[in-house]
1. Of everything in region 334-390 that's acidic (Asp, Glu) and away from the ligand (no atom under 16 Å from the Cβ), which residue is farthest from residue 34 (Cα to Cα)?
2. For region 136-155, how many residues are outside any loop (DSSP other than H, G, I, E, B), within 10 Å of the ligand (Cβ to nearest atom) and surrounded by 21 or more Cβ atoms within 10 Å (Cβ to Cβ)?
3. I'm checking my understanding of the structure. Among residues of region 179-223 that are modelled with pLDDT under 80 and charged (D, E, K, R), which one is farthest from residue 467 (Cα to Cα)?
4. Name the residues in region 101-114 that are away from the ligand (no atom under 14 Å from the Cβ), closer than 20 Å to residue 126 by Cβ and in contact with a helix residue (DSSP H, G or I) (Cβ under 8 Å, 6 or more places away or on another chain), would you?
5. Please work out which one of (1) open to solvent by 50 Å² or more (accessible area, probe 1.4 Å); (2) over 27 Å from the mean Cα position of the chain (by Cα); (3) modelled with pLDDT under 95 is the condition residue 325 fails and give its number.
6. Looking at (1) over 24 Å from the mean Cα position of the chain (by Cα); (2) part of a helix (DSSP H, G or I); (3) modelled with pLDDT of 75 or more, can you tell me which one residue 17 breaks?
7. Of all residues in region 239-250, how many are open to solvent by less than 70 Å² (accessible area, probe 1.4 Å) and of a type outside the set (Val, Ile, Thr)?
8. Being on the phi > 0 side of the Ramachandran plot and either out of contact with any Lys or Arg (no Cβ under 6 Å at 6 or more places or on another chain) or crowded, with 17+ Cβ neighbours inside 10 Å (or both) is the requirement here; does residue 114 meet it?
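The values are calculated or read from the model by the stated rules, or taken from the named source; none is laboratory data. Model, not experiment: these values are computed from the prediction. Note that each Cβ is placed from the backbone with ideal geometry, even for glycine, and that neighbours are counted across all protein chains shown. Heads up: the accessible areas ignore ligands, DNA and RNA and are worked out on the full protein's heavy atoms, side chains in. Shrake-Rupley method; radii C 1.70, N 1.55, O 1.52, S 1.80 Å.
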Amino acid sequence: MFEVDPRSITVILVLAALFISRRAIRKAATNSGKPLPPGPPPLPIVGNALAIDAAAPWKAYMEWGKTYGDLIYTRLLSQDVVVINSEKVARDLLDKRSYNYSDRPLLVTTELFGWMFNVALLRYGNGWRQHRRLMHDKLRSTAALTYRPLQMRKAHQLLVDLYEAPNDFVLHLQTMAASTIMSITYGYETQRRDDPLVALVGNALVQGLKVMTPEAAAILGTWPFLLYLPSWFPGAGFKKQAQESCIMVNEMIEKPFEYTASRMASNDATACMVSDLLGQIKGKDNYDGLERVVKNVASTSFAGGSETTTSTFVNFVLAMVLYPDVQERAQAEIDSVMDGNRLPNFDDRDSLPYVEAILRESFRWHPVFPLGVAHAAVSDDIYEGYHIPKGATVIANVWFVLLTHSLALYVDQPALYRAMTRNEAKYPNPSQFKPERFFTSDGKLNDDKVLYTFGFGRRICVGHHVADATVWAAIASLLAVFKFTKALDGQGKEIDIEPRWTAGIAV
Ligand code: HEM
């Protein structure tokens, strides 16, 4: 999170008062006689911002959900924020009314920090459509099948890396995720350690994620005069961070692209997303503009696919250590199908239902995006008698949806709702890693593929087929070869683990 110097806060608050009346006028004009959804009473100026813990914002949303229900209105400084706490409402709005909820909030930090290239952050419109179409073409279900040999090869490399240096397991998992998406996108084979291009992207991503939160954007969006302060002004240090970020982002876009372009020039490029797309646009009128689009979708793929996949891997390994019975059951299943003499491949996937259930539970247990990626309302809307203002940020509290899931379908009494915030009906003991929850009573896999961990409507993750296959390749291979256990101390005793999760990615 960028820092606002305390000395400048007074100045900011005084100047902020000037903006409040503007907001009040706007609200009165848009409310169309219908009430806003229920929510916690906002404070002057800051709205509900002070009640939200930036490290785990979904917890405040969940607490409010207990009191105010499935659709909550809050205000983050001057930004209208609507939080969805049930899958039914998420489906009704983000899927069924996708035409109205496929925009992204205008985060001033996106432009300031050079992230306008990222397809996930583009505003809804023709520019986004053009980018999304190219990505979809290369990542849709049938296209994703062509990457399977590559994904399996990377999974096997992971086995070798882990065998050679088991203590560096997080690094190996990161390498597998980064290297798979780098090969798919740029035909680039990463080094096993300290790859310069992976480092470049990693640094830009870390810098970007620090600042591109709704909170940071809300401060600058509410008080845009901060953008015009010189970077030496107390509290305006974010401008220096922004300049550094723009340089990093530019390198992240250009350097890997140059690699593929120069291999193509010498006729020695491996087939990949960039080489295919450059082939498609060759000779077109607007070549330069289209090349920019190709660069954008390529860097979005890496930025969108590396950290997310790594986090899912790490969740999986942690679960195997904490739930040895689950691991044993999966290994018994793999042994029975492979006869203990070969590694699993994608043709075995249907014969390994328990491994499949582990994959789903790895996505569900601690979702990488606990709050999804924020959508925004294109126009004013009315839902169940409530007014959803045009431009409102719409957040699907996936974390809560996962816990409460179908509850809202059956319970509309707030008192009952409060008593059952954990959906024992759908996911009994939701905080436990329990692949069994994905089986019907007659032992078949159910149809809950927890797809909503990949988002909703027209903005659903365009890389989810690729992500699903990369994660499957890794976990099936790892389970076939390794046993994950707690580390031992000097006396040979197991060292206890206290699992902690960071805020995940919440944009
Ligand atoms: C385990 C891995 C992954 C998870 C959990 C994940 C999850 C998500 C989620 C929740 C969204 C937001 C959807 C919404 O707005 O409703 C998203 C968007 C996106 N993801 Fe993924 N993702 C993963 C891997 C990937 C991969 C491998 C790629 C690319 C190869 C990718 C590319 C994208 C893009 C481009 C978007 C933006 C779509 C748009 O705004 O139109 N993701 N992802």
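1. Looking at residues that are acidic (Asp, Glu) and away from the ligand (no atom under 16 Å from the Cβ), I get 339.
2. Number of matching residues: 2.
3. 215
4. 106
5. The single condition residue 325 does not satisfy is (3).
6. Failing condition for residue 17: (3).
7. Going through region 239-250 one residue at a time, the tally reaches 6.
8. Spelling it out, residue 114 is indeed on the phi > 0 side of the Ramachandran plot and either out of contact with any Lys or Arg (no Cβ under 6 Å at 6 or more places or on another chain) or crowded, with 17+ Cβ neighbours inside 10 Å (or both).
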